[in-house]
Each structure stands twice: as structure tokens, then as C-alpha cells.
Amino acid sequence: MAGSGSRRISRREFIHTSAATALLGSESFRRSEAGRAEVRGACMHDCPDTCSWLMTTENGRAVELEGDRNHPLTRGSLCEKMDGFLTDVLYNPDRLVHPLRRVGEKGEAKFERVDWDEALDEVAFRLKKILSEHGATAVLPYSYAGTEGIVQAKSLDRRFFARLGATRLERDICGATAHAGLTATMGTSTGILPEDIQKSRFIIIWGSNPVVTNPHGWPHVEEARRRGAPVVVIDPLRTPTAERADWHLRPRPGTDAALALGLMHVIVREGLQDVEYIESYTVGFDRLRGRLAEYPPERAAEITGLKPEDIVSLAKAYATTRPATIRTQIAMEKHSNGAMMYRSIACLPALVGAWRHEGGGILQFTADWFYEALGLGSLTMPELEDPKTRSVNMVQLGKALTDEKLDPPIRALIVYNSNPATIAQNQNLVREGLKRKDLLTVVLDHFVTDTARFADYVFPAATQAEYLDLLAPWGSPYLTLNLPAVEPVGEAIPNSEFFRRLARRLGLEEPYLHASDEEIIQQALGSGHPYLEGITYERLRREGWAPLNLPRPYLPFAKGGFPTPSGKCELYAESLLATGMDPLPRYDAPEGDPSSLERYPLTFLSTKSNRYFLNSSHANQPRHLEASGEPRLSIHPKDAANRGIEKGDKVRVFNARGALEIAAEVDEGTLEGVVNMPHGFWASLLPGGSSANALTPDGLSDWGGGGSFYDARVEVEKIGG
Ligand code: SF4
């Protein structure tokens, strides 16, 4: 059933695909006499570290992968997630190397091999039919950060869907809530330089587990500690980071805003605030003071479950030690009150004047630097989009696919850089949607993921070893180039090439849809932004990475200059008032989960605690599965005893949305009333066929559009010894 626009893959298309094209003339590509080459690149994962690497090839085949020892932040090591990348991903015999067409029922993962031209022609034919019968909004893209590169994740794909007029995807699953909360206070989510945490003399690691999720940032914390900085971890869970802390405080999940307010109450009550900084560089202190009166340490303690005296001690130590840093990441934002937590925490450094000192302030993201410097907003060509085009939040995919009132319904789903059957909330609803017979599902990936099992067509995606890309890290100031080291295995192609081919099949010939990967990078590097001065494509090809030209010492807000509407740190934010939000920091109990508290009394967390997976990447690889061991549900001894559960028992964890079977880990690693398991496991590989997101609600955070994963409530019962 080839469409009328059927055509063979042209030489031009082939050249776009060819890794050799990008390698030609590469100054960083060193050949030895033995036919070996060392090619610079970087890890693609959605991780703050963005490790630089050197891939050694021999006669066109990658044979070694190691971290770049000269990189100042990542210093030559790649983490466990990249163990066996060459054998387990690049050359894995189970890797997708040809397009596939579904022959079984959706979800069965039964496919036949199909020729690229035939598969693309069929997809184009069906897309054209959907476009003519239902309009472009019947098409929904679904992608996130399966690779962090701007070419393969944020360029031609976005232009393609914008040009089509497809339903817009709100890509808010991770980081958006934290960004929104911090931005409400600071005007940005970017604070200090990651390396400057070494200079801190008091470090609060708040709701984050950098030992596992930012392994190259952790040595800087250790260095600060060697120089005398105490490290305080605020986390309900006893994580590997918390185990290394000097002091571990364990608030109840979702109560962090109350803790921040309690700390501020003590600081102001004791007169420890920086009066001059507040007067010069903040707005709304008097109004904030009024709000703080509602949060004496006793009330904050009642809400958080901490001791009032601990709140007082922490507040005094934080306010009187210079420089002091708060390190946040992404975790606590996954509540219905997540943005307000970050907004409240972000008031603390301004209150004590922590921004005055190198190594003082907040460390969260670095993404805004790159967004600004590379003009990432314009790279996606948002002007192609009609702002009135409807949007779907990616955390509510199941709802969007099953909503009978949606007009037009989603008829085509194109998934790349993501695996929503594993990572999206309300997993059973997502699968129900993916099973729809009238839905055309196209997946581009390296393996037949749990999402690809439902696809009509699965296309083989190239890996980071096989394409050109530019990485704009969210946890480092180093702009990083990834050169292709080898030709794509089999018939795999980069995402960018997939969208070029699909556009051509649909008769879309606009040049901006057919820019080469190198042209996209050159466009980004040519923004003329001062942070990029001296950083050229040629330099990146030669050196691999380059630090942005940020002023040194880096003291972004020592003298105010917050990029807020007022230009000051907004303790009181008019911008929130305008959207109907409370302009002052406040605490509201998380309440996003409609499950009944009586039936489902335990808070369910599904954390990024697995050292061997990055979200759902690598969770199909025997080496990584074996190293991580079977997933376990951490349950407090009292909760376990109340249910007759002992260590190692098989338990059923359930709520109104779903159930999963898992072994119990009875320990005090979690708080009473809270259970926790790692996320990322593929449901299809677990007994019972469900993973953590079978239990998570698809509600949204207070603002920012993130998901309220951690508002999940469950019950647990023993089903076997
Ligand atoms: S996952 Fe993160 S720490 Fe691990 S190699 Fe990749 S960038 Fe580095």
C-alpha cells in the first residue's frame, strides 16, 4: 500500500545519514598506523554530568570507550550506566537494525522486517489520510531527553511537527516544575557554577542524591567537606548521599516548603537576615515576614515530622556560615505542591545574603546559560507554530489517548527519545491508549521497548556513537560536541534524518526542514552571544568541549541583577498574583492523588535510585539488570510488621490505578508511612507485567506543568514468602 509519493532513498538522504560525512576533515580524529582512531564525543544521557568521552575505533569498528581525562568536571570516568555500551547497546545483537512492521496484536511485539522505503511510504500514506480526514492536530509527537543533543532532540523534529500543525507536546515531565518555582523567585533556575560548590563552607543537599545522579558533582562536595564544610542532607530516604552526610534530616515527602518557611522564620526571629542585601536586592520582605509568622519551628516540625530544635539549629548554622550553598536537583518537584517548594527554598539565599560569596547561593540547573547562548528557543522555530494549536502535557499521555471527548482524537503518535509505556504516569491508561486499533503508532528507538511493543512501525535509531550532535548540559558549563565514531549499524539513522525523510515523503520541501546536522550546530554556535566568544565548531571538533565564557569569579547575584520583572529577588512575586497564585511562599499539603487515604494509606515514591539505568535506558540489558538486582520495595519495619511482611517476602503494591508484584526490603531506609522503589524497570520484564508507573497519578504540579508522581498513595499486602 505504498502512497503516491513513493520514492527511493536518494543519495542526498544517504549522505545526511553518513557518519563518514561528519568525520571527514575532523581535526580531533587521529589515525594511527594500525588503523585505529580516537574520536571525541560525549554521553547522551539526561544526566547533569554530560561526560566527555574518547571512543577508539579500529578499522571502522568501535573497540574502546573511556572518559576524557582532560575534562575538568568529569575527569576521565564514565559511570556504571555506560558500562558495556559498545557491546550492550551499539553492537547488541538484539538492537534494532531494520525497520519493522507489526504483524501481531498491539502489545504483543510481533513484527516483520520491512524495507525502509516501504515502511516510510506506508507511514506517509496513513499520515496523509489522517491529516486530510482529521486535521494536523490528530498527530501527536512524544519525545523527551533520550538524548540530550540539540540536533537529535530539539531541532528538525520540532520544526517538522510545528510545520505540520500537530498537537503541541508540553515536554514538562522533568525539571519544569523546579524551573518554574525557582524562576518565580530568582527569574532563572541557574545559580552558582557547579565547581564552585567546592568553595562553600556549608552545604545543604536538599531532596537530591548526587552520589547516584550527579556522580561527577559529588567529588566537589567531598572537596568542600575536606576543607571543613559540613554537609546536611534533607531527604525522607536514606540514600547513598544521605549515608555520607554529616547530618541527615528526614522530612515527610511533600513538606519541604514548610521546612523552608520554618527555617526563614527562625532566621528572621533571630535577626540573622542580611538586612542590607534584603533592602538592596529583594522585594516583598515585609510581606514575607508576615507570612513567616505563620510558620514557627513548632508548626514546621508538626508538618514535616522533624524536631523543632533541629529546624532551629539548621537555620542558625545556615544563616551564620559563609559561603553557604543549597544543592537541589529533581525529585521533590514531583508533587502537586512541587513548584512552591522550590520557590520557597529559593528565598533562603537572598534572606541571608548567600549570593554575595563565591560558592554561596543555589545550585540547580545550568541549562538557561545554554538556552540563551545558543538561541535554543529559535532553533526549534516556534514561529512555525500557531500559538492557538492545542497542546497535550506529556505526563497525561494516557488521558490524551483515551479521551473520547478530544476533538479530533489523537490518531497518530510518533515516539522518539522516549519510552512512555515505562516512564509516563498512569501506566495502565497509557497502555490502554496504545492498544487502540485506530491509532497509528510509530516508534524510533534502539530496541523494542515497552512502547515499541505497541507500535505499527518501529524504525532503527542511530546511537550517540553514530551521529553528530552538540550537547548543552543542564549541570555543567561545558558546551560539548559529539562526533560520530562509526557508521550506523545496519539501517539505523539519526532522528534528524528520520524527520528529513518523513518530511520529504509528505511533500514538505522547505529548506529549514532539511538542514544538515552540521548546519544546525553552526546556526546555534553563530548566535553571537558573548558566552560563545571564541567557541567555534572547529575548536569543538578539535578539543571536544569548551567552557562558556562566564565572568569569573562567578557571582551572579552578589549585587542583585535577578532576571525577574522587578530585577530583584522576588520574595513577593506580583507575577504569581497575576496568575491567581499566592505571591508569597506557602505550604499546601500535597493532594494530587484522588485515591482514598483510608484505602491507600502509604505514600509511594518511585525514585531515580538505580545506578545502572538512566530512566528506562539500559533496563533491558542483562549486565545492567544483573548489577542492579531485582527491584525491591523499601518499607519501614513498623509498616511491614502491621502487614505481616518480612524481608524478601513477595508483596502486592496496589491502588485504584493498578498493582505490581515485588519483593519487600524491610528497613529504615524509608520513613514510616512511605514506601519506595526504583523507577525505570520495564514492565514487560517484571513478573506481573507492571512497573512503578502503574501506581502513579497523572496529576500536575502546582505550576510548571510537571507530574505529581510522588503524590501516589498505595496499600501493600503480602502474597508470598
Ligand atoms: S550517565 Fe551521566 S555520569 Fe554516567 S556517563 Fe553519562 S553523563 Fe556521565
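Within region 132-152, being at pLDDT 95 or above and under 27 Å from D702 (Cβ atoms) holds for L140, P141, Y142, S143, Y144. Checking region 541-549 against the condition returns a match, with at least one residue being of a type outside the set (K, R) and assigned to a helix (DSSP H, G or I).
So that you can scan it fast, the table gives a plain yes or no per residue for (1) out of contact with any Ser or Thr (no Cβ under 8 Å at 6 or more places or on another chain); (2) under 29 Å from E133 (Cβ atoms):
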position	(1), (2)
E432	no, yes
D456	no, yes
S476	no, no
R501	yes, yes
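Yes or no: F370 among the aromatic types (F, W, Y) and more than 27 Å from P511 (Cα to Cα)? No. Screening A461, A424, A452 for residues that are touching a residue at least 40 places away in the same chain (Cβ under 8 Å) and farther than 19 Å from F499 by Cα leaves exactly one candidate, A424. The single condition among (1) more than 30 Å from H335 (Cβ to Cβ); (2) in contact with a helix residue (DSSP H, G or I) (Cβ under 7 Å, 6 or more places away or on another chain); (3) in a loop (DSSP other than H, G, I, E, B) that F557 does not satisfy is (1). Pairs linking a residue in region 33-60 that is under 21 Å from S418 (Cα atoms) to a residue that is within 8 Å of the ligand (Cβ to nearest atom) and charged (D, E, K, R), with Cβ atoms under 9 Å and 6 or more positions apart or on different chains, are C43/D49; C43/K81; H45/K81; C47/K81. The single condition among (1) within 16 Å of the ligand (Cβ to nearest atom); (2) in contact (Cβ under 8 Å) with a residue 60 or more places away in the chain that V268 does not meet is (1). T57: surrounded by 16 or more Cβ atoms within 10 Å (Cβ to Cβ), modelled with pLDDT under 95 and more than 16 Å from the ligand (Cβ to nearest atom), yes or no? Judged against the criteria, T57 is not a match.
Residue pairs whose Cβ atoms lie under 7 Å apart, sitting 6 or more positions apart in sequence or on different chains, and linking a residue in region 116-130 that is closer than 21 Å to I493 by Cα to a partner that is among the charged types (D, E, K, R) and part of a helix (DSSP H, G or I), are L120/R501; L120/R505; D121/R505; A124/R505.
G507 versus (1) assigned to a helix (DSSP H, G or I); (2) surrounded by fewer than 24 Cβ atoms within 10 Å (Cβ to Cβ): which is the lone unmet condition? Unmet condition: (1). Residue under question is D157, and the condition is that it be more than 16 Å from the ligand (Cβ to nearest atom) and either without any contact (Cβ under 8 Å) to a residue 12 or more places away in the chain or part of a helix (DSSP H, G or I) (or both); does it hold? Spelling it out, D157 is indeed more than 16 Å from the ligand (Cβ to nearest atom) and either without any contact (Cβ under 8 Å) to a residue 12 or more places away in the chain or part of a helix (DSSP H, G or I) (or both).
The residues of region 233-269 that are part of a helix (DSSP H, G or I) and hydrophobic (A, V, I, L, M, F, W, C), listed by number, are A242, A257, A258, L259, A260, L261, L263, M264, V266, I267, V268.
Rundown of residues vs (1) at pLDDT 95 or above; (2) polar (S, T, N, Q); (3) surrounded by fewer than 24 Cβ atoms within 10 Å (Cβ to Cβ); (4) under 23 Å from G528 (Cβ atoms), yes/no style:
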site: K334; (1), (2), (3), (4): yes, no, no, no
site: A354; (1), (2), (3), (4): yes, no, no, no
site: G360; (1), (2), (3), (4): yes, no, no, no
site: L363; (1), (2), (3), (4): yes, no, no, no
site: Y371; (1), (2), (3), (4): no, no, yes, yes
site: T389; (1), (2), (3), (4): yes, yes, yes, no
site: L397; (1), (2), (3), (4): yes, no, no, no
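All of T402, T422 fail the test of being surrounded by 20 or more Cβ atoms within 10 Å (Cβ to Cβ) and more than 30 Å from Y512 (Cβ to Cβ), apart from T422.
Residues checked against (1) without any contact (Cβ under 8 Å) to a residue 12 or more places away in the chain; (2) in contact with a Ser or Thr (Cβ under 7 Å, 6 or more places away or on another chain); (3) surrounded by 23 or more Cβ atoms within 10 Å (Cβ to Cβ):
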site: G207; (1), (2), (3): no, yes, yes
site: T213; (1), (2), (3): no, no, yes
site: P230; (1), (2), (3): no, no, no
site: I234; (1), (2), (3): no, no, yes
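Residues that are surrounded by 20 or more Cβ atoms within 10 Å (Cβ to Cβ), within 16 Å of the ligand (Cβ to nearest atom) and not basic (K, R) do occur in region 241-249.
The set of residues in region 563-611 being of a type in the set (F, W, Y) and either within 30 Å of N655 (Cβ to Cβ) or modelled with pLDDT under 95 (or both) consists of Y587, Y600, F604.
Of all residues in region 485-493, none satisfies being surrounded by fewer than 22 Cβ atoms within 10 Å (Cβ to Cβ), modelled with pLDDT of 95 or more, outside any loop (DSSP other than H, G, I, E, B) and at negative phi.
Restricting attention to region 66-78, the residues that are free of Cβ contacts under 8 Å to residues at least 60 places away in the same chain and either charged (D, E, K, R) or within 10 Å of the ligand (Cβ to nearest atom) (or both) add up to 4. Taken as a whole, the condition of being touching an Asp or Glu at 6+ places or on another chain (Cβ under 8 Å) and crowded, with 24+ Cβ neighbours inside 10 Å applies to S476. If only residues of region 33-45 that are outside any strand (DSSP E or B) and over 21 Å from P219 (Cβ atoms) are counted, the one that is nearest to the ligand (Cβ to nearest atom) is M44.
If you take the residues of region 195-229 that are aliphatic (A, V, I, L, M) and assigned to a helix (DSSP H, G or I), which of them is farthest from P349 (Cα to Cα)? Only one residue tops the list, namely V212.
Condition check ((1) buried (at least 19 other Cβ atoms within 10 Å of the Cβ); (2) outside any loop (DSSP other than H, G, I, E, B)) across all residues:
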position	(1), (2)
P563	no, no
H624	yes, yes
A627	no, yes
A641	no, yes
G644	no, no
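If the requirement is being surrounded by fewer than 23 Cβ atoms within 10 Å (Cβ to Cβ), within 22 Å of P563 (Cβ to Cβ) and at pLDDT 95 or above, which of these qualifies: R291, R299, R287? It is R287.
Residue by residue, here is whether (1) charged (D, E, K, R); (2) under 22 Å from G673 (Cβ atoms); (3) under 24 Å from the mean Cα position of the chain (by Cα) holds:
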position	(1), (2), (3)
P230	no, no, no
I234	no, yes, yes
R238	yes, yes, yes
E243	yes, yes, no
W247	no, no, no
A258	no, yes, no
G262	no, yes, no
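Within region 661-704, the residues that satisfy the criterion of being part of a strand (DSSP E or B) and not small (G, A, S) are E661, I662, E665, V666, V674, V675, N676, M677, P678, L700.
Helices (runs of 4 or more DSSP H) fully within region 283-401 that include at least 2 residues being of a type in the set (S, T, Y): 308-320, 338-352.
Of the candidates E170, E133, the single residue that is of a type outside the set (K, R) and touching a strand residue (DSSP E or B) at 6+ places or on another chain (Cβ under 9 Å) is E170.
The values are calculated or read from the model by the stated rules, or taken from the named source; none is laboratory data. Small disclaimer: the values here were computed from a predicted structure and weren't measured. Cβ coordinates were reconstructed from backbone atoms using ideal geometry, including for glycine residues, and neighbour counts include every protein chain displayed.
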